[in-house]
Amino acid sequence: MNYKVMSYSEKDTIELAQNIESEKFPNMVICLTGDLGSGKTIFAKGFASALEVEEEVTSPTFNIIKEYTSGEMPLYHMDVYRLDQNKEEIGIEEYYTKGGVTIIEWADMIESILPEERMDIKFKISEENEDARTIIITPYGQKYEDVCEAVL
Ligand SMILES: Nc1ncnc2c1ncn2[C@@H]1O[C@H](COP(=O)(O)OP(=O)(O)OP(=O)(O)O)[C@@H](O)[C@H]1O
Ligand SMILES: [Mg+2]
């Protein structure tokens, strides 16, 4: 089952993230994919603000993994765009069960080490309107299906 959502502004994408955050649970994994500048980091920032993370959330492109612990639950924000070989060695998988929420940008680049149960969110930039995004959400596993049922 796929859910299709349209976003017409940065604010819409933030609201989507906030709605999903309202159904968060420990060890939730959210996998973001989509073109450069399509809104993955905006989504992560929206999620973090709903979690009441106090630190500024910035793109983790060069750090790969950033941990924010000031919110209601730990947030592990990753961007694996620049991760080449040695995927296993930096310990991404350990985060899935550390009790917080993991958000991974460019998750399709590490397909082989994604957990089976997760939420995939794919952003596509509209050709007609530069601020519009088609967002396809796919839940894998009952808990993620319940989240989608609750908020979409
Ligand atoms: N509907 C929308 N949703 C999200 N962002 C939007 C939207 N419309 C315009 N934008 C703009 O698009 C940009 C999205 O940037 P963002 O850093 O979130 O992209 P990204 O997918 O993380 O890119 P990268 O692949 O480089 O990490 C922002 O400048 C934002 O203001
Ligand atoms: Mg980004």
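Against the definition (over 17 Å from Leu152 (Cα atoms), of a type outside the set (A, V, I, L, M), modelled with pLDDT of 95 or more and surrounded by 15 or more Cβ atoms within 10 Å (Cβ to Cβ)), how does Ser49 come out, yes or no? Yes: the conditions hold for Ser49. Residues that are of a type in the set (A, V, I, L, M) and modelled with pLDDT of 95 or more within the stretch 101-125 comprise Val101, Ile103, Ile104, Ala107, Leu114, Met119, Ile121, Ile125, listed in sequence order. Taking each residue of the stretch 89-118 that is within 19 Å of Lys40 (Cα to Cα) and looking for partners that are among the charged types (D, E, K, R) with beta-carbon atoms closer than 6 Å, six or more apart or interchain, yields Val101/Lys24; Glu105/Lys40; Glu105/Asp79; Ile110/Lys87. The single residue among Glu117, Glu128, Glu105, Glu89 that is touching a Leu at 6+ places or on another chain (Cβ under 6 Å) and of a type in the set (Asp, Glu) turns out to be Glu105. Looking only at the stretch 119-140, which residues are among the charged types (D, E, K, R) and either within 16 Å of ligand 2 (Cβ to nearest atom) or within 16 Å of Ala44 (Cα to Cα) (or both)? Of everything in the stretch 119-140, those that are among the charged types (D, E, K, R) and either within 16 Å of ligand 2 (Cβ to nearest atom) or within 16 Å of Ala44 (Cα to Cα) (or both) turn out to be Asp120, Lys122, Lys124, Arg133.
For the stretch 1-59, the tally of residues that are among the small types (Gly, Ala, Ser) and assigned to a helix (DSSP H, G or I) stands at 6.
Within the stretch 124-139, identify whether any single residue is assigned to a loop (DSSP other than H, G, I, E, B) and aliphatic (A, V, I, L, M), and answer yes or no.
Yes, the stretch 124-139 has at least one match.
In this entry, Ala150 passes the filter for residues that are of a type in the set (Gly, Ala, Ser), in contact (Cβ under 8 Å) with a residue 60 or more places away in the chain and either surrounded by fewer than 16 Cβ atoms within 10 Å (Cβ to Cβ) or in contact with a Gly (Cβ under 7 Å, 6 or more places away or on another chain) (or both).
The values are calculated or read from the model by the stated rules, or taken from the named source; none is laboratory data. Since we're looking at a predicted model, the values are computed, not measured. Using ideal geometry, Cβ is built from the backbone for each residue, glycine included, and neighbour counts are taken over all protein chains shown.
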